[in-house]
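The values are calculated or read from the model by the stated rules, or taken from the named source; none is laboratory data. Source: prediction; values computed, not measured. With ideal geometry, Cβ positions are generated from the backbone for all residues, glycine too; neighbour counts draw on all protein chains shown.
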Amino acid sequence: MDNVNRPIFFWLVALLLVPSFAWAQAGPTAPVDVVFMTSLGEIDVQLDPDHAPVTTANFLAYVDKKFYDGTIFHRVIRGFVAQGGGFTPGMVAKPPLFPPIKNESDNGLNHYFGTIAMARTADLNSATSQFFFVLGDHLELDANTHGPGYAVFGKITKGIDVLFKIQDVPTATVGQNEDVPVTPVLLISVTRAK
């Protein structure tokens with residue numbers, strides 16, 4: 001190959017390699033496994049950063065700060081949700097560490113039994129630390145023609161029996177809070193799987 005054609009050859013190689021390299025970099029993100037150690041047993045959850053990148057990153061930031069350790073499931077409605085991540089025993093509110101995040105409810109993930117989603121207020125982009133496990137198939141919580149939904153960002157891979165135990169606990173009204181477990185269901189720790 002002479003000197004005149006060599007630059008053209010290198011440009012052609014670069015044009016062929018750069019798109020394929022960019023495509024490889026934009027591939028699916030690997031799931032992240034998290035272990036919830038509760039007072040009723042262990043729940044293993046696989047998070048889905050591919051479909052819910054903002055939500056997963058936010059949740060893992062709280063996990064890495066050990067924010068959930070010592071909190072409770074403060075709202076349990078049989079056949080509906082088990083919500084946690086915002087209160088300690090005695091229904092003491094735990095302020096979030098980070099600003100609210102963008103709602104990712106239109107990510108294609110559905111509210112089937114055993115999924116995990118972010119809790120929020122009526123404000124679409126208000127989710128911070130609170131999450132809930134879905135205790136049934138509740139597609140009405142998905143983003144749909146009726147409006148925005150709640151962002152699913154993972155599913156239980158082990159410990160469904162523990163979820164059944166949680167949904168069976170007796171609940172009562174405490175102050176203005178309904179469906180509070182009479183005996184606290186404690187989140188001893190939430191950690192990334194080893």
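Tell me which residues, restricted to region 72-99, are buried (at least 16 other Cβ atoms within 10 Å of the Cβ) and out of contact with any strand residue (DSSP E or B) (no Cβ under 9 Å at 6 or more places or on another chain).
96 - this is the single residue of region 72-99 that is buried (at least 16 other Cβ atoms within 10 Å of the Cβ) and out of contact with any strand residue (DSSP E or B) (no Cβ under 9 Å at 6 or more places or on another chain).
Kindly state which strands (runs of 3 or more DSSP E) lie completely within region 129-180 and contain at least 2 residues that are crowded, with 18+ Cβ neighbours inside 10 Å.
Numbers: elements: 131-134, 152-158, 171-174.
Correct list: 131-134, 152-158.
Take residue 106 and decide whether it is among the charged types (D, E, K, R) and at pLDDT below 95.
Working: among the charged types (D, E, K, R): yes; at pLDDT below 95: yes.
So residue 106 passes the test.
Checking residue 117 against (1) farther than 19 Å from residue 49 by Cβ; (2) of a type in the set (Gly, Ala, Ser); (3) outside any loop (DSSP other than H, G, I, E, B): exactly one of these is not met. Which one?
(1)
Can you find even one residue in region 94-114 that is outside any loop (DSSP other than H, G, I, E, B), touching a residue at least 40 places away in the same chain (Cβ under 8 Å), under 20 Å from residue 42 (Cα atoms) and not acidic (Asp, Glu)?
Quick first cut of region 94-114, residues outside any loop (DSSP other than H, G, I, E, B) only: none.
Looking for residues that are outside any loop (DSSP other than H, G, I, E, B), touching a residue at least 40 places away in the same chain (Cβ under 8 Å), under 20 Å from residue 42 (Cα atoms) and not acidic (Asp, Glu), one finds none in region 94-114, hence no.
Would you point out which residue out of 123, 48, 64 is among the acidic types (Asp, Glu), under 17 Å from residue 192 (Cα atoms) and surrounded by fewer than 16 Cβ atoms within 10 Å (Cβ to Cβ)? Lay out the reasoning, then the answer.
Values: 123 fails: under 17 Å from residue 192 (Cα atoms); 48 fails: surrounded by fewer than 16 Cβ atoms within 10 Å (Cβ to Cβ).
Testing whether each residue is among the acidic types (Asp, Glu), under 17 Å from residue 192 (Cα atoms) and surrounded by fewer than 16 Cβ atoms within 10 Å (Cβ to Cβ) leaves just 64.
So residue 87 clears everything in (1) touching a Ser or Thr at 6+ places or on another chain (Cβ under 7 Å); (2) in contact (Cβ under 8 Å) with a residue 40 or more places away in the chain except one condition, right? Which one?
Result: residue 87 passes all but (2).
Go through (1) in contact with a helix residue (DSSP H, G or I) (Cβ under 9 Å, 6 or more places away or on another chain); (2) closer than 20 Å to residue 127 by Cα; (3) among the hydroxyl-bearing types (Ser, Thr, Tyr) and name the single condition residue 38 misses.
(2)
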